[in-house]
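Here is the structure we will look at, set down as structure tokens.
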Amino acid sequence: MLLCKLASIASFLHLQEKVACLSKVTKGDDMSNKRVQQQIKKSLSPELYQHSVGVAEMAVILAKQLGYDEKKAYLAGLLHDCARDWTERDLLRYAEKNGIEADKFSQKYPVLLHAAVGAAYVQDWGVDDNEILAAIRNHTLGYPGMSLLEQITYVADKIEQGRTYPGVEELRRTVHADFYQGLLAVAEQSISYILHKRQPLHPATISFWNWLVGQSKGE
Ligand SMILES: [Fe+2]
Ligand SMILES: [Fe+2]
């Protein structure tokens with residue numbers, strides 16, 4: 001029993017070490033990445049920056065688990081909330097100026113626009129990887145047929161180490177045991193939270209949920 005516990009602590013520490021090492025490699029990897037990382041740190045409040053680093057690190061763990069490109073996962077996680085601190089007014093104004101559709105949901109809850117606005121905004125920093133841009137654009141609402149990087153970013157956002165809401169530990173365990181069951185559980189938690197607040201569900205989120213349920217039943 002004790003040996004078992006020690007082995008699991010050792011493997012956890014090993015994983016942590018690997019993530020720390022990997023983020024150093026990713027950070028020092030090339031100049032443009034470094035510039036983007038300095039840029040994001042300057043743009044966010046300390047709390048949001050800490051959340052973003054947490055998402056980036058969790059995205060790397062998930063990318064490793066799924067055999068996905070860890071560098072891209074790190075960057076998508078780090079940048080996903082780059083417009084989350086913007087005021088509603090700024091989000092609406094930027095969306096209008098840059099041809100980003102603000103549907104009736106975004107008109108009522110402009111914070112929803114931070115994903116699409118963020119994906120447009122980081123292009124000014126030289127980020128042009130379409131998979132990363134899509135992961136930023138779709139991390140909030142989801143949609144049917146999300147790519148693996150979009151799914152990784154969506155899940156990492158909800159279970160990064162800084163998240164402390166009830167049930168998050170269980171979600172982390174499910175995600176690490178079986179990513180697709182975990183994705184379903186994370187979406188369920190996130191949708192339940194919106195319903196609990198008696199807020200409307202965006203049609204993209206409804207379609208995302210229906211797609212996920214269909215996937216899990218092999219449809
Ligand atoms: Fe976000
Ligand atoms: Fe986030």
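The values are calculated or read from the model by the stated rules, or taken from the named source; none is laboratory data. Model, not experiment: these values are computed from the prediction. Every residue, glycine as well, gets a Cβ built from its backbone with ideal geometry; the counts of neighbours run over all protein chains shown.
Quick notes on this one:
- Candidate set from the stretch 103-141 (those that are outside any loop (DSSP other than H, G, I, E, B), among the charged types (D, E, K, R) and away from ligand 1 (no atom under 15 Å from the Cβ)); member that is nearest to residue 48 (Cα to Cα): 124
- Within the stretch 203-219, tally of residues that are within 19 Å of residue 105 (Cα to Cα), among the hydrophobic types (A, V, I, L, M, F, W, C) and either in contact (Cβ under 8 Å) with a residue 12 or more places away in the chain or in contact with a Cys (Cβ under 9 Å, 6 or more places away or on another chain) (or both): 3
- Counted residues, the stretch 47-102 - those being part of a helix (DSSP H, G or I), over 30 Å from residue 179 (Cβ atoms) and within 16 Å of ligand 2 (Cβ to nearest atom): 1
- Taking the numbered list (1) within 16 Å of ligand 2 (Cβ to nearest atom); (2) crowded, with 19+ Cβ neighbours inside 10 Å; (3) of a type outside the set (S, T, N, Q) in turn, residue 127 passes all entries but (1).
- Listed conditions (1) in contact with a Ser or Thr (Cβ under 6 Å, 6 or more places away or on another chain); (2) outside any helix (DSSP H, G or I); (3) within 15 Å of ligand 1 (Cβ to nearest atom); (4) under 24 Å from residue 200 (Cβ atoms) are all met by residue 144, apart from (3).
- Single match in 90, 157, 129 (criterion: within 21 Å of residue 204 (Cα to Cα), of a type in the set (Asp, Glu) and at pLDDT 95 or above): 157
- Of note, residue 164 satisfies the criterion of being more than 21 Å from residue 82 (Cβ to Cβ) and either over 18 Å from the mean Cα position of the chain (by Cα) or not small (Gly, Ala, Ser) (or both).
- Filtered by the rule that a residue be of a type in the set (S, T, N, Q) and within 16 Å of ligand 1 (Cβ to nearest atom), the stretch 49-69 gives 50, 52.
- Residue under evaluation residue 200, criteria (1) in contact (Cβ under 8 Å) with a residue 24 or more places away in the chain; (2) over 16 Å from residue 60 (Cβ atoms); (3) assigned to a helix (DSSP H, G or I), criterion not met: (3)
- Hits in the stretch 70-94 (condition: away from ligand 1 (no atom under 16 Å from the Cβ) and farther than 15 Å from residue 156 by Cα): 89, 92, 93
- Against the list (1) within 15 Å of ligand 1 (Cβ to nearest atom); (2) in a helix (DSSP H, G or I); (3) touching a residue at least 24 places away in the same chain (Cβ under 8 Å), the condition residue 181 fails is (1).
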